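Peer 1: Below is a structure I'd like to ask you about.
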Amino acid sequence: MLGSRYRTIVPRLAGPVRSLRRSLVSQAVQDSPAWKLGRLNHVAIAVPDMEKASTFWKHVMQADTVSESVAMPEHGVYTVFVELGNTKIELLHPYGAQSPIAGFLAKNASGGIHHICLE
């Protein structure tokens, strides 16, 4: 008996729940830039050992492309871009003691996601 009652109540609630959800998100919020984010460009990962990380993405993850390490002293990082089909990963390693990545790795010794880049 409970099963048949449940089946008749749930469809009747679906419509009101949808309209309630729409009304909770005001038009001002829907028009804000946060609702108009572009597509994902890349995920940046801080790594303590660029050679090891590059090798991992190239041989273990079988990335389509793993670039050479490029020094970017103006940003305080070395970067490597990894392409996996429609996904890009940016590996970041400190360039100098004042690098923002050095600070990140001081708090997260094994590395981790540093940022995501949206278009």
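Peer 1: Do any GluC sites (Glu not before Pro) in the range 56-88 lie in a loop, going by DSSP, with at most 11 other beta-carbon atoms within 10 Å of their beta carbon, and if so which?
Peer 2: Glu68, Glu74
Peer 1: Put a dot 7 Å past each Cα toward the Cβ at Ala97 and Glu51; how far apart are the dots in nm?
Peer 2: 2.3
Throughout, read-outs are computed from the coordinates displayed, never taken from laboratory work. For clarity, every value in this text was computed on a predicted model and none was experimentally measured. Cβ atoms come from the backbone with ideal geometry, glycine included; neighbour counts cover every protein chain shown.
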